[in-house]
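Reviewing the structure listed below.
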Amino acid sequence: MKQELRSKFGKYGGQFVPEVLMPALEELTEQYDKYKDDPVFNEELNYYLRDFAGRPSPLYHAKRLSEEYGVKIYLKREDLVHGGAHKLNNTLGQTLLARYMGKKRIIAETGAGQHGTACAMSGAAFGIRTEVYMGARDMVRQRMNVYRMELMGSKVIPVKSGSQTLKDAINEAMRDWVANVETTHYLIGSVVGPHPFPTIVRDFQSVIGKEVRMQIMEKEGRFPDSIVACTGGGSNAMGIFHPFIDDDVDLFAVEAGGSGMKATDKEALHSATLCAGEDGVLHGMRTKVLQNKYGQILESSSIAAGLDYAGVGPELAYLADIGRIKPRNSMDSEALDAFHDLCRFEGIIPALESSHAVAYVKKTANTGELGDLVVINISGRGDKDLETVMGMRK
Amino acid sequence: MRIAEKFKQLRAKKEGALIAYICAGDPTPEATKEYVTALVRGGADIIELGLPFSDPVADGPTIQAGIQRALDGGMTPDIYFKMVGSLRLHIPLVVMTYYNLIFKRGLEKFAKDCAASGMSGIIVPDLPPEESDELQQACKKNDIDLIYLVAPTTTGSRMNRILVEGKGFIYLVARLGVTGARSDVAVSTRELIQRVKTDTPKAVGFGISNGKQAARMIEDGADGVIVGSAFVDIIASGKDVMERLEALARELKEGVRR
Ligand SMILES: Cc1ncc(COP(=O)(O)O)c(C=O)c1O
């Protein structure tokens, strides 16, 4: 019998959205359920994942970094996926789904611009009109990505409300969806939002972990002791974790510790939602949220724009509560250090987001916590971050 | 006063209801108290008082800005309930807010605070019936009406559930989209009003900004109109706010007085 899609992960998840959207979520759940195991849909998706995105991505034994850190390290090279991040796995899947559903238009939110760029790529490849909401402040910080999106025919819409960052871009995309729900698919970029998005995005990103299962068996003849992934909304983490959920593999979700694990009643100096958030409801989901004592959402902070978010996927919140994943964090400065390590020792320039995962391995390898064999998800490449890094050196 | 009682009175007088929204604390708690009295003087039958949330996804630019002014002015749920408790209105008062503020305070406590401060109902634009069982229970215990929204996209069994569970009045969302004053009101509104078959009063909101539009809604079968952005616009302007709030309320009330 077919298993029905779950709307809740323990007490987390659900559908906390305006009434207008409920029928659309119902439709999306039905349609996704229909196509997710459909051979024609999957054949088409696999074709794009292989010939357009360049999958499978390599699992690379980082010999020099292993020596330096004192533990055997493999890197899952999502930085080599077309566009330079894991984001394309999800946008190809959802854009294809939107096309099967007969939607004429795609909208999305983006923080760093990586998800927006991936949307622009999928939109161009499938010929679907794509519009991306982006915080006005992020548009300045990430102007190369704005230009990339525009080159590929997407419209980038500046969001001037609130803190003018990712959280506000999601708000604005939801408002657009409320107004245009009949023709438009909202392509959420991480395992967040109302059901069924956390499940859909996790499933499309699970290609990462499925590949790792085969690749590590081939190379090592066994599963790793631990897998380490950076966690913003949590899509690259869930993507690599999910296929290993029932295995004896420790899963580390590394969040952005920013400039310190402190917060006022308006803002947090970090974005470590699993580590420091409290049960709440944001962007259509019940999950852990950075909030003040009244429930107002805090502005988060991180050197990595892609981790800079006050919420986190509901499934991660659940898995953290039951102890299946281990929430951790790395500070801005530690991530920068690790960024330079990977550049120098391996000739790989990682995204600042992914550098948080590397940093966690660096600081704990010698404690034994990670075991002897570690896989780090390098969720993206760092070209987009060069200006930030150069600015820090001055 | 209970919402049902208010609608009963109005029905006897063959009048539609004017439900007036402003955001509490915009720009200060003291100003809000005065603005509420101006709206009541103008003829508002029910006051819907927004409790500002940092991430109001169902609101358009006008109300977003009002919420921001209120938050900047220091409005919190504690101050809100204290202020509401001191209002002493003779008409029903309902709170409109997003779910996280209710959740964080605790559903029981929130409903109790509403009752203790003399409120009659709660509207939560990001809480569909599927997620509302617990709040519904807390509301029942405290004699508070949980008011549901119906959208143009709502149909079938979901519509039935809302009509069965909805208390106070049914909030009809006039068109797809967020709150905001419009010069046009969607044609589909009439169809929606007629599609919603219930004895519970029906009030139409989202986009209504003048007496003519308000009159149309009542002609089309609504029991009341909900107007927010047009009032918040006046507050934002900062000019002759009291007079203009009262005048607009009067115009709208004329409109619904069939
Ligand atoms: C390279 C990279 N890694 C990680 C993330 C964080 O997202 P998630 O936690 O959903 O993987 C982003 C988001 O933009 C990103 O660009």
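The values are calculated or read from the model by the stated rules, or taken from the named source; none is laboratory data. All of these numbers come straight from a predicted model, not from anything done at the bench. No Cβ is skipped: glycine too gets one built from the backbone with ideal geometry, and neighbour counts run over all protein chains shown.
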Report summary line: Within the range A:117-133, residues being crowded, with 24+ Cβ neighbours inside 10 Å and either of a type in the set (V, I, T) or under 20 Å from A:G391 (Cβ atoms) (or both) number 3
Requested in this report: Enumerate the pairs (first residue in the range A:249-265 and in contact (Cβ under 8 Å) with a residue 40 or more places away in the chain; second residue anywhere and among the hydroxyl-bearing types (S, T, Y) and assigned to a strand (DSSP E or B)) with beta-carbon separation below 7 Å, excluding pairs fewer than 6 apart on the same chain, so at least 6 apart or on different chains.
Outcome: A:D250/A:S226; A:F252/A:S226; A:V254/A:S330; A:G257/A:S330
Requested in this report: Check A:I322 against each of (1) within 19 Å of the chain's Cα centre (by Cα); (2) surrounded by fewer than 24 Cβ atoms within 10 Å (Cβ to Cβ) and name the one condition it does not meet.
Outcome: (1)
Requested in this report: Under 6 Å between Cβ atoms, at least 6 apart or on separate chains: pull out the pairs that start in the range B:14-42 with a residue that is touching a residue at least 12 places away in the same chain (Cβ under 8 Å) and end on any residue that is acidic (D, E) and in a helix (DSSP H, G or I).
Outcome: B:A38/B:E246; B:R41/B:E246; B:G42/B:E246
Query - First in the range A:110-135 and away from the ligand (no atom under 16 Å from the Cβ), second anywhere and of a type in the set (F, W, Y), Cβ under 9 Å, 6 or more apart - result: A:A125/A:Y48; A:A125/A:F52; A:F126/A:Y48
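Select the strands (runs of 3 or more DSSP E) contained entirely in the range A:274-345, then report the ones holding at least 1 residues which are outside the structural domain of A:N171 (by TED's automatic domain parsing) and farther than 19 Å from A:H356 by Cα.
A:278-282, A:285-289
Out of A:R324, A:R344, report the one residue that is away from the ligand (no atom under 16 Å from the Cβ), among the charged types (D, E, K, R) and closer than 30 Å to A:L5 by Cα.
On the way: A:R344 fails: closer than 30 Å to A:L5 by Cα.
Every option except A:R324 fails the conditions.
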Query - Options A:Y12, A:Y74, A:Y32, A:Y69; residue that is touching a residue at least 24 places away in the same chain (Cβ under 8 Å), within 21 Å of the chain's Cα centre (by Cα) and in the same structural domain as A:L342 (by TED's automatic domain parsing) - result: A:Y74
Report task. Taking A:L96 as the residue in question, decide whether it is assigned to a helix (DSSP H, G or I) and away from the ligand (no atom under 16 Å from the Cβ). Result -> yes
Report task. Residues being more than 16 Å from the ligand (Cβ to nearest atom) and part of a loop (DSSP other than H, G, I, E, B): count how many of those fall in the range A:195-219. Result -> 2
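If I ask for residues that are among the hydroxyl-bearing types (S, T, Y) and away from chain B (no Cβ under 14 Å), which ones from the range A:148-171 would you list? Spell out the reasoning first.
Our first condition is that a residue be among the hydroxyl-bearing types (S, T, Y); within the range A:148-171, this holds for A:154, A:161, A:163, A:165.
Of everything in the range A:148-171, just one residue is among the hydroxyl-bearing types (S, T, Y) and away from chain B (no Cβ under 14 Å), namely A:S154.
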Requested in this report: Name, by its number, the condition in (1) assigned to a helix (DSSP H, G or I); (2) within 21 Å of A:A357 (Cβ to Cβ); (3) within 16 Å of the ligand (Cβ to nearest atom) that does not hold for A:G83.
Outcome: (1)
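Being part of a strand (DSSP E or B), within 14 Å of another protein chain (Cβ to nearest Cβ) and of a type outside the set (A, V, I, L, M) narrows it down to one residue among A:E27, A:E109; which is it? First the steps, then the outcome.
On the way: A:E27 fails: part of a strand (DSSP E or B).
Only one candidate passes the filter, namely A:E109.
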**Report entry** the range A:11-24, subset surrounded by fewer than 24 Cβ atoms within 10 Å (Cβ to Cβ) and of a type in the set (A, V, I, L, M), residue farthest from the other protein chains (Cβ to nearest Cβ)
**Finding:** A:A24
**Report entry** Conditions (1) surrounded by fewer than 23 Cβ atoms within 10 Å (Cβ to Cβ); (2) at pLDDT below 95: number failed by B:G207
**Finding:** (1)
Query raised in the report: Filter the range A:259-284 for residues that are in contact with a helix residue (DSSP H, G or I) (Cβ under 6 Å, 6 or more places away or on another chain) and of a type in the set (G, A, S); which is nearest to the other protein chains (Cβ to nearest Cβ)?
Result: A:G280
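A:Q94: away from chain B (no Cβ under 14 Å) and either farther than 26 Å from A:T388 by Cα or in contact with a Lys or Arg (Cβ under 8 Å, 6 or more places away or on another chain) (or both), yes or no? Please lay out each step first, then the result.
Values: away from chain B (no Cβ under 14 Å): yes; either farther than 26 Å from A:T388 by Cα or in contact with a Lys or Arg (Cβ under 8 Å, 6 or more places away or on another chain) (or both): yes.
Spelling it out, A:Q94 is indeed away from chain B (no Cβ under 14 Å) and either farther than 26 Å from A:T388 by Cα or in contact with a Lys or Arg (Cβ under 8 Å, 6 or more places away or on another chain) (or both).
Mind listing just one residue for me: the one in the range A:341-368 that is among the charged types (D, E, K, R) and touching a residue at least 24 places away in the same chain (Cβ under 8 Å) and, of those, nearest to A:G306 (Cα to Cα)?
Just the residues of the range A:341-368 that are among the charged types (D, E, K, R), to begin with: A:341, A:344, A:346, A:353, A:362-363.
Restricting the remaining residues to those that are touching a residue at least 24 places away in the same chain (Cβ under 8 Å) gives A:341, A:346, A:353, A:362-363.
Values: A:D341: 20, A:E346: 23, A:E353: 6, A:K362: 21, A:K363: 22 Å.
Out of the qualifying residues, it is A:E353.
Matching residues to (1) outside the structural domain of A:A98 (by TED's automatic domain parsing); (2) in contact with a helix residue (DSSP H, G or I) (Cβ under 6 Å, 6 or more places away or on another chain):
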{"site": "A:H185", "(1), (2)": "no, yes"}
{"site": "A:V191", "(1), (2)": "no, yes"}
{"site": "A:R213", "(1), (2)": "yes, yes"}
{"site": "A:I216", "(1), (2)": "yes, no"}
{"site": "A:C230", "(1), (2)": "yes, yes"}
{"site": "A:G233", "(1), (2)": "yes, no"}
Query - Odd one out for A:T287 among (1) more than 16 Å from the ligand (Cβ to nearest atom); (2) within 14 Å of another protein chain (Cβ to nearest Cβ) - result: (1)
Requested in this report: Kindly indicate whether B:G25 is away from chain A (no Cβ under 12 Å) and either of a type in the set (A, V, I, L, M, F, W, C) or within 17 Å of the chain's Cα centre (by Cα) (or both).
Outcome: yes
Query raised in the report: Somewhere in the range A:137-147, is a residue over 21 Å from the mean Cα position of the chain (by Cα), more than 14 Å from every other protein chain (Cβ to nearest Cβ), more than 16 Å from the ligand (Cβ to nearest atom) and farther than 23 Å from A:G280 by Cα?
Result: yes
Report summary line: Across the range A:237-273, the tally of residues that are farther than 15 Å from A:A310 by Cα and charged (D, E, K, R) stands at 4
**Report entry** Meets criteria (in the same structural domain as A:V361 (by TED's automatic domain parsing), within 20 Å of the chain's Cα centre (by Cα) and assigned to a strand (DSSP E or B)) for A:F252
**Finding:** yes
**Report entry** Counted residues, the range B:152-192 - those being away from chain A (no Cβ under 14 Å), surrounded by fewer than 21 Cβ atoms within 10 Å (Cβ to Cβ) and hydrophobic (A, V, I, L, M, F, W, C)
**Finding:** 3
Query raised in the report: Identify, please: which residue in the range A:148-191 is modelled with pLDDT of 90 or more and either at positive phi or touching a His at 6+ places or on another chain (Cβ under 6 Å) (or both) and is, among those, nearest to the ligand (Cβ to nearest atom)?
Result: A:G189
Requested in this report: Determine which single condition A:Y60 fails, assuming it passes every other condition in (1) over 24 Å from A:T183 (Cα atoms); (2) in the same structural domain as A:A173 (by TED's automatic domain parsing); (3) in contact (Cβ under 8 Å) with a residue 12 or more places away in the chain.
Outcome: (2)
Query raised in the report: Looking at A:R175, A:R202, which one is more than 16 Å from the chain's Cα centre (by Cα) and surrounded by 20 or more Cβ atoms within 10 Å (Cβ to Cβ)?
Result: A:R175
